[in-house]
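Bear in mind that the values in this text are calculations on the coordinates, not laboratory data. Not measured: the values here are computed from a predicted model. Cβ sites come from the backbone with ideal geometry, for glycine too, and all protein chains shown count toward neighbours.
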Amino acid sequence: MSDTDFFRAGEHRLEYRFINRDAVFDRPTLVLLHEGLGSVALWKKFPDEVAAATGCPVLVYSRHGYGRSDRLIAPRAVDYMHHEALVVLPEVLDALDVADPVLVGHSDGGSIALIHAGSGIRPVCSVVALAPHVFVEDLTVTSIAQAKVAFETTDLPQKLGRYHDDVESTFRGWNDIWLHPDFRAWNIESYLPGITCPVLLIQGEDDQYGTRAQVDAIADQVSGPAEVLMLENCGHSPQVDRKEAVIAAVRKLVIVSSSSAT
């Protein structure tokens, strides 16, 4: 993998990698949006492999508070994903000259992709949402509470520390807001009718952070075409547990989208 570089967006210094930046001109750029504990490094080889499979440029960056980006110094607000989708992501795309992207988001990143696409603030080629959330389920809160216990009693901080400069603030920034009582009312379904581009929804049958109700709600409410891909023997990270199936589905979507645009 190539080294990361840095740019500024949302008033913060963010790390990024841009793979195949000079790829075939008629292929859209895939913009990877990581999960609530993710980063550039935690995607591991997936960005390079999906770039090779699709022939697309792939942009991956760490949001504020993650990876080697600027550290989080204040608690996150309930609307932190709205801020990422509506304020920071447009600045990211402008800073790196990306137009009409394919947004590939995992978990929190999937929710950010859906908010951005549904807002209509700029064109989106298509959305790939891996284990996204559009409302809060009891299962999600229970698993996040269990993650807090694991962080405090196991070697989880050491494991996450390989991917984040300040693992304590990274974990607390995600965990605290999801467990806050005010967050139970968080819901982004109002953005779904505004999504007119193709949407690919991928979720594991064994996802410990969400049920099929999430992807079904999205498919039922978006205005554009939607495909739901439920994967067996797969938990909350389809790009890890069923990487080949995910890459094949993304490649199919990109080829169809590129063909439709020509």
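A few notes on this one:
- For region 48-54, putting each phi into the Karplus relation 6.51 cos²θ - 1.76 cosθ + 1.60 with θ = phi - 60° gives couplings of 5, 6, 6, 5, 5, 6, 9 Hz, in residue order, rounded to whole numbers and with x for Gly and Pro.
- Other-chain or far-sequence residues with amide H under 5 Å of His133's (modelled H): Ser111
- The HN-Hα couplings worked out from phi for region 158-171 by the Karplus form 6.51 cos²θ - 1.76 cosθ + 1.60 (θ = phi - 60°) are 5, 5, 5, x, 6, 10, 9, 5, 10, 5, 5, 5, 4, 5 Hz, whole numbers, x standing for Gly and Pro.
- ³J(HN,Hα), Karplus 6.51/-1.76/1.60, whole Hz, each residue of region 187-198, x for Gly, Pro: 7, 10, 4, 5, 7, 5, x, x, 8, 10, 7, x
- Spatially proximal lysines relative to Lys44 (Cα-Cα < 16 Å; intrachain offsets below 8 disregarded): Lys159, Lys243
- Given charges at beta-carbon only (K, R positive; D, E negative), |dipole| of the chain in Debye: 400
- Size estimate for the chain follows the Kirkwood approach: the inverse of mean 1/r over distinct Cα pairs works out to 18.2 Å.
- Mean projected area of the convex hull spanned by the Cα atoms of region 119-262, taken over all viewing directions: 10.1 nm².
- Calculated log₁₀ intensity ratio I(q)/I(0) where the Debye formula runs over C-alpha points of region 26-147, q = 0.19, 0.23 Å⁻¹: -1.10, -1.54
- Between the amide H of Ala226 and those of Val199, distances stay under 5 Å, these residues lying 5 or more places away or on another chain, with hydrogens modeled in the peptide plane.
- Peptides 157-165, 56-64 ranked from most to least packed give 56-64, 157-165, packing being the mean of other C-beta atoms within 10 angstrom over each peptide's residues.
- Amide H contacts of Gly67 (H built 1.01 Å from N, in plane; Pro and chain starts excluded): Asp165 sit under 5 Å, all sequence-distant by 5 or more or on other chains.
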